[in-house]
Amino acid sequence: MQFDTLLMPGPPDDSGNEFLIYRGDLECNIAPGNKQHKLKYHMQQALSEGCQYVATFGGPHSNHVAALVASCQLHGLKPLIVVRGETWAKLTPTLQSAVASGAVLFPSTRQDYRLGLASEIKQTIDSYYSNVYWVPEGGAGPLGVMGCFDWAKTISQHSKAEGAHFCVASGTGATAAGFASSGIDSLSVFSALKGTHNLTEDVQSLCRQAGLDITAQLSTYDECLHGGFGRISKELVNFLRTLYRLNPSIILDPIYTSKMVYQVYQLQNKGLWPHRRTLFVHTGGLQGWLGVKKDQQPYSDPERYSC
Ligand SMILES: *Cc1c(COP(=O)(O)O)cnc(C)c1O
């Protein structure tokens, strides 16, 4: 388990604040990051039900799809992927490598995709294949939360994490729910989505559904700085370049961890970050850079750092 110090840009401040990062991006057993942990119990469930196929939903650059395909390969299961959007002139790098690893892709209309497990495409797939285990989009649900709970426990029990204020980025909130109930004292959750006003309630309800109690004091933040989910602002790219010069062994992903660290950096600059010892959780997702335009890339060769 690797914990690194993260140096923040700007003049050395006298706050004495210390920033650490847990390198979930370096966990190379299946696919780096949180998604493999969200999938752990889903995979066990699929195997115990004797399923041959594991199906799920994902966008064309999805970290979830990448991790699900890798997990399926490891367990000898066949991945079936419903991809958001109906026409593809060309497969994205994420989908190309999914196909190369044996995944079967199904196009869907955005409207039908939104229905998830109630979609027509799911019915169609179930009529062609038998023994399909369905994983909800992003690997969410109580099983996803339980996997993150185990992950969070392992991280938080490490001596380096002692007394730290935890920071985690969120999409569905399943990862945050696992951390919130893992026994840690305090947690800040940074949504990758704009206007998530019910994030605290969402995390609470995810914990409840998984039969877990929240132990951490929660603070939540939404994506108010870069234009919303998946958007990359110039400021963010500049910040990442500077951060990389200071920390040449640490690359952050474009959608989640980079925006979390940027927001903490801004709060700290305004004197609004009260935590002495902060631990960022790097949730992986570096493959996301493969889908980003060259002029928005702060790193020359991000692939080098994914395992
Ligand atoms: C999916 C993802 C998240 C968000 O996880 P949720 O459990 O959906 O909140 C955070 N970071 C990275 C890198 C991800 O791929």
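The values are calculated or read from the model by the stated rules, or taken from the named source; none is laboratory data. What you see is a predicted model; the values in this text were computed from it and never measured. Cβ sites come from the backbone with ideal geometry, for glycine too, and all protein chains shown count toward neighbours. Accessible surface is based on the protein model in full, side chains and every heavy atom, while ligands, DNA and RNA are left aside. Shrake-Rupley method; radii C 1.70, N 1.55, O 1.52, S 1.80 Å.
Extension gain for the segment VAL104 to ASP185, taken as residue separation times 0.36 nm less the Cα-Cα distance, is 24.8 nm to one decimal.
Per-residue ellipticity at 222 nm computed for the chain from its helices equals -10500 deg cm²/dmol, with DSSP H segments shorter than 4 residues left out and the rest contributing -39,500 (n - 2.57).
Amide H contacts of SER186: PHE166, GLN217, each under 5 Å away and 5 or more positions distant or on a separate chain (H built 1.01 Å from N in the peptide plane; Pro and chain starts excluded).
Relative contact order for segment 35-139: 36 percent, from Cα pairs under 8 Å spaced at least 6 residues apart, divided by residue count.
Taking amide H as placed 1.01 Å from N in the peptide plane, ALA55 has its amide H under 5 Å from the amide H of LEU80, TYR133, TRP134, VAL135, each at least 5 places away in sequence or on another chain. With N counted as the residues of the chain, its alpha-carbon radius of gyration over 2.2 N^0.38 Å works out to 0.98.
Among rounded, prolate and oblate, which fits segment 35-139 when a ≥ b ≥ c are the square roots of the eigenvalues of its C-alpha gyration tensor, a/c under 1.5 means rounded, and a/b larger than b/c means prolate?
oblate
Our summary gives the chain a relative contact order of 22 percent, counting only alpha carbon pairs under 8 angstrom and 6 or more residues apart.
Each 5 Å bin, from zero up to the one with the longest distance, holds this percent of the alpha carbon pairs of segment 199-245: 5, 16, 17, 14, 12, 14, 13, 9, 1. Ranked by the mean number of other Cβ atoms within 10 Å of their residues, highest first, the peptides 20-32, 57-69 fall in the order 57-69, 20-32.
Using the Karplus relation 6.51 cos²θ - 1.76 cosθ + 1.60 with θ = phi - 60°, the per-residue 3J(HN,Hα) values for segment 173-190 come to x, 5, 5, 4, 4, x, 6, 4, 9, 8, x, 6, 7, 8, 8, 9, 10, 10 Hz, with x marking Gly and Pro.
DSSP beta bridges confined to segment 35-139 are antiparallel in about 5 percent of cases. When both bridge partners sit in the chain, DSSP labels roughly 15% of those beta bridges antiparallel.
Give me the percent of the accessible area of segment 165-261 that comes from carbon and sulfur atoms, probe 1.4 Å, all protein chains in place.
46 percent
Averaged over its residues, the chain has an accessible area of 46 Å² per residue, based on protein heavy atoms and a 1.4 Å probe.
In this structure MET1 has an accessible area near 110 Å², from a 1.4 Å probe over the protein heavy atoms.
Peptides 245-254, 162-171, ordered by how many other C-beta atoms sit within 10 Å of their residues on average, highest first, read 162-171, 245-254.
For the chain, lysine pairs separated by 8 or more sequence positions, or belonging to different chains, with Cα-Cα distances below 13 Å total 4. Length gained on full extension, GLU201 to GLN123, computed as 0.36 nm times the residue gap minus the Cα-Cα distance: 24.9 nm.
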